[in-house]
Amino acid sequence: MIANTLPPLPNTTPTAAAATTAATITHGPALHQQLLATAQALHSVRQGQSATAVLAAQNASLRPGVQALLFHTLRHLGQAQALRALLVARPPAPKVDALLCCALALLVDTQNPPYPAFTLVNQAVEAARRGGMARQAGFINANLRRLLREHEALLAQVNQQDSARYNHPQWWIDKLRQQYPQNWQAILEASNRPAPLSLRLHPRHTDPSRYCAALAAQGHSAQAFGQQGVQLEQALPVQQLPGFAEGWCSVQDGAAQLAAPLLLDGLQPLPLHILDACAAPGGKTAHLLELLEQAGQTQARVYALEVDAQRSQRIHDNLQRLGLEAQAQVLVADAAQPPQWWQAANQGQPLDAILLDAPCSASGIVRRHPDVRWLRRASDIAQLAALQQQLLEQLWPLLRPGGRLLYCTCSFFKEEGQWQIQAFAQRHPEAQWLASPGHLLPSTQPVPDNQAGDHDGFFYALLQKAA
């Protein structure tokens with residue numbers, strides 16, 4: 001199931017948008033079951049759990065539909081919460097409120113409704129009855145039907161609030177308005193659209209033109225970008241992608257595909273010792289290895305660090321699927337604590353290149369992870385910026401003179417990008433800031449020559465240590 005496509009009603013003809021997944025949904029769980037599970041998932045997100053973790057724990061038969069419904073709800077949660085506040089003087093119990101907000105989010109768009117309005121209302125009421133909220137079923141029914149009756153007036157009223165109109169927290173909107181006075185609305189609108197499925201192709205197996213032809217043979221349209229990128233018009237489960245199990249391709253956003261070429265292009269001599277400092281799930285590690293293999297650099301070594309043992313296993317799995325394990329060394333260690341791993345990784349010898357994809361707010365990838373905007377707090381940005389500064393300070397001494405460090409974050413907040421690197425450069429006059437993309441805004445700032453397709457928000461700064 002693709003999260004960008006809401007599940008059709010059971011035992012009905014699916015819409016064209018849902019056609020690729022109809023076979024798994026048509027005889028699947030009833031909508032009221034999926035609504036109830038989605039409300040429970042939203043309740044967990046509101047308690048601080050990530051949507052990824054919540055969905056991983058979901059029953060397998062419900063997971064595809066719940067993911068689609070949850071992502072839709074999160075993308076309309078600002079309006080849904082404002083409507084609930086307008087309709088109800090006193091907030092109901094948290095689980096009742098979660099079900100009500102899910103239903104409100106699904107009823108917001110009357111121009112292109114995901115389900116017939118009265119069907120959705122009836123199924124939400126049924127979910128309440130079967131989910132231990134029978135006493136609140138009438139309450140939910142009354143509020144949803146009032147929205148149907150007064151939809152235009154109620155929506156006009158709540159959309160006077162920025163957080164409802166743009167479906168992001170107010171602090172987030174205020175920060176973007178201040179930092180991007182010309183682009184803040186476009187950033188918010190782009191962030192609220194589902195992201196496309198972008199792939200990075202392994203040059204050993206295929207290239208964009210041949211892979212697009214293979215997709216076309218299966219009836220799927222795709223567009224090439226950059227040297228290794230392909231973007232699908234309609235997302236597919238990875239198991240249906242040509243050659244995925246054989247390592248032909250990896251799922252990776254176009255902006256993230258810029259990292260490895262930026263670090264390696266023009267670096268002389270070609271690096272032999274490279275550190276990917278925060279490597280999980282291993283996409284950038286694999287891309288570095290692919291480019292080194294393509295250049296014939298068989299003696300190169302990439303050290304992939306990941307502080308979480310479970311996430312480090314994903315690096316192993318991805319490298320194994322792609323046939324790239326031989327030149328990689330995966331270490332479970334904290335990049336901010338070099339004494340724990342430096343001697344084991346490179347016998348204490350200086351590195352030729354460092355890729356630091358630092359932990360950040362993930363503000364640039366909310367179109368893929370719509371829960372992020374509701375999980376983050378304004379105070380998180382300063383804490384994350386402090387961690388990024390610590391990583392930069394700890395890793396910079398490990399780089400040889402003439403070597404490069406590529407700093408990147410999947411964020412468009414300037415505290416985590418431009419301002420972070422400006423402060424670092426002031427502290428380190430030996431750090432030469434080379435030409436690099438800076439802040440890439442999601443889908444609003446195309447990379448020249450279609451190098452990144454329809455991309456996420458990102459920041460890149462390439463630093464070279466003066467001899």
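Stokes-Einstein at 25 °C, 0.890 mPa s, Kirkwood radius from Cα pairs: D for region 258-465 in µm² s⁻¹?
Translational D for this selection: 141 µm²/s.
For region 175-295, would you read off the P(r) tail past 22 Å as a percentage of all alpha carbon pairs? Mind dumping the intermediate values first?
Numbers: 3274 of 7260 pairs.
Taking all Cα-Cα pairs of region 175-295, the fraction more than 22 Å apart is 45 percent.
Applying the Karplus parametrisation 6.51 cos²θ - 1.76 cosθ + 1.60 with θ = phi - 60° to the phi angles of region 181-188, what ³J(HN,Hα) value in whole Hz is obtained for each residue in order, glycine and proline being reported as x?
After applying 6.51 cos²θ - 1.76 cosθ + 1.60, I find x, 8, 10, 4, 5, 5, 5, 5 Hz.
If you build the Cα gyration tensor of the chain and take the root of 5 times each eigenvalue, what three semi-axes come out, in whole angstrom, biggest first?
Details: eigenvalues 356, 129, 75 Å².
Each semi-axis is √(5λ); the values are 42, 25, 19 Å.
Counting C-alpha atoms alone, how compact is region 225-327: give Rg to one decimal and Dmax as a whole number, in angstrom.
13.8, 41
Give the angle, between 0 and 90 degrees and rounded to the nearest 10, that separates the Cα long axis of helix 31-46 from the longest principal axis of the Cα atoms of the chain.
50
So what are the ³J(HN,Hα) numbers for region 375-390, from phi and the Karplus equation (6.51, -1.76, 1.60; θ = phi - 60°), rounded to whole Hz, Gly and Pro as x?
Once θ is set to phi - 60°, the couplings for region 375-390 become 8, 6, 10, 4, 5, 5, 5, 5, 5, 5, 4, 5, 5, 4, 4, 4 Hz.
Which three extents, in angstrom, do the Cα atoms of region 184-251 have along their principal axes, listed largest first?
41, 23, 18 Å, listed from the longest principal axis down.
Run lengths n ≥ 4 of DSSP H only: what is the helix-derived mean residue ellipticity at 222 nm for the chain, with -39500 (n - 2.57) per run over all residues, to the nearest 500?
That comes out to -12500 deg cm²/dmol.
Roughly what would the spin-label model give for residue 466 and residue 299, points 7 Å off Cα along C-beta, in nm?
If labels sit at residue 466 and residue 299, their model points lie 3.1 nm apart.
Counting DSSP beta bridges with both partners in the chain, what percentage is antiparallel, nearest 5?
In the chain, approximately 55 percent of DSSP beta bridges are antiparallel ones.
When 1/r is averaged over all different Cα pairs and the result inverted, which Kirkwood radius in Å belongs to region 126-187?
Evaluated over region 126-187, this radius sits at 14.3 Å.
At a 10 angstrom cut-off on C-beta neighbours, averaged per residue, how do the peptides 385-395, 430-440 rank from highest to lowest? Intermediate values should be presented prior to the final figure.
Numbers: 385-395: 18.0, 430-440: 16.2.
So the peptides 385-395, 430-440, ranked by packing, come out 385-395, 430-440.
Would you kindly calculate the mean projected area, averaged across all directions, of the convex hull enclosing the Cα atoms of region 237-293, in square nanometres? Before the final figure, lay out each step's value.
Numbers: hull surface 18.9 nm².
Orientation-averaged projected area of the Cα hull: 4.7 nm².
Going by average Cβ neighbours within 10 Å, how do the peptides 189-200, 301-312, 272-283, 150-161 rank, with the highest at the top? Let's see the in-between values first.
Values: 189-200: 21.2, 301-312: 18.9, 272-283: 24.1, 150-161: 13.9.
Those peptides, ordered most packed to least, come out 272-283, 189-200, 301-312, 150-161.
Roughly how many Å is it from the Cα centre of region 274-303 to that of region 185-217, as a whole number?
One Cα centre to the other: 21 Å.
If you put +1 on each Lys and Arg Cβ and -1 on each Asp and Glu Cβ, how big is the dipole of region 353-398 around its Cα centre, in Debye rounded to 20?
Its charge dipole is roughly 280 debye.
Take the alpha carbon atoms of region 310-331, find their center, do the same for region 404-443, and report the distance between the two centers in whole angstrom.
So the two Cα centres are separated by 28 Å.
Counting only the backbone N, which residues of region 343-373 are under 11 Å from the spot 7 Å out from the Cα of residue 329 toward its beta-carbon?
343-349
I'd like to know which of 340, 375, 270 lies farthest towards the positive end of the charge dipole of region 258-465, counting +1 on Cβ of Lys and Arg and -1 on Cβ of Asp and Glu.
Towards the positive end, the residue furthest out is 375.
Treating the Cα atoms of region 16-167 as identical point scatterers in vacuum, please give the log10 of the normalised Debye intensity I(q)/I(0) at q = 0.16 Å⁻¹, two decimals.
For region 16-167 at q = 0.16 Å⁻¹, log10 I(q)/I(0) is -0.86.
Averaging sequence separations of C-alpha pairs under 8 Å and six or more residues apart, then dividing by the length of region 197-251, give the relative contact order as a whole percent.
Reported relative contact order: 46 percent.
Let me see the P(r) profile for region 54-109: every Cα-Cα distance counted, bins of 10 Å, each bin given as a percent of all pairs.
24, 48, 24, 4
Mind checking which lysines have their C-alpha under 24 Å from residue 465, skipping anything on the same chain fewer than 8 residues away?
284, 414
Size of the dipole of region 57-132 about the Cα centre, Lys and Arg at +1 and Asp and Glu at -1 on the beta carbon, nothing else charged, in debye to 20?
200
Please report, in debye to the nearest 20, how large the charge dipole of region 88-170 is about its Cα centre when each Lys and Arg carries +1 at its beta carbon and each Asp and Glu carries -1 there.
380
How compact is region 116-260 by the rule of thumb for globular proteins, expressed as Cα Rg over 2.2 N^0.38 Å?
1.54
For region 16-167, build the charge dipole from Cβ charges (+1 Lys, Arg; -1 Asp, Glu) around the Cα centre, then report which of 40, 93, 114 sits farthest towards its positive end.
Positive-most Cα among the choices belongs to 93.
In whole Hz, with x marking every Gly and Pro, tabulate ³J(HN,Hα) for region 106-116 from phi via Karplus 6.51 cos²θ - 1.76 cosθ + 1.60, θ = phi - 60°.
Going residue by residue, I get 7, 9, 5, 8, 8, 6, 9, x, x, 9, x Hz, with x marking Gly and Pro.
Each value in this text was obtained by applying a stated rule to the coordinates, not by laboratory testing. Just so we're clear, the structure is a prediction, and the values are computed from it rather than from any experiment. Glycine also receives a Cβ, built like all others from the backbone with ideal geometry; neighbour counts cover every protein chain displayed.
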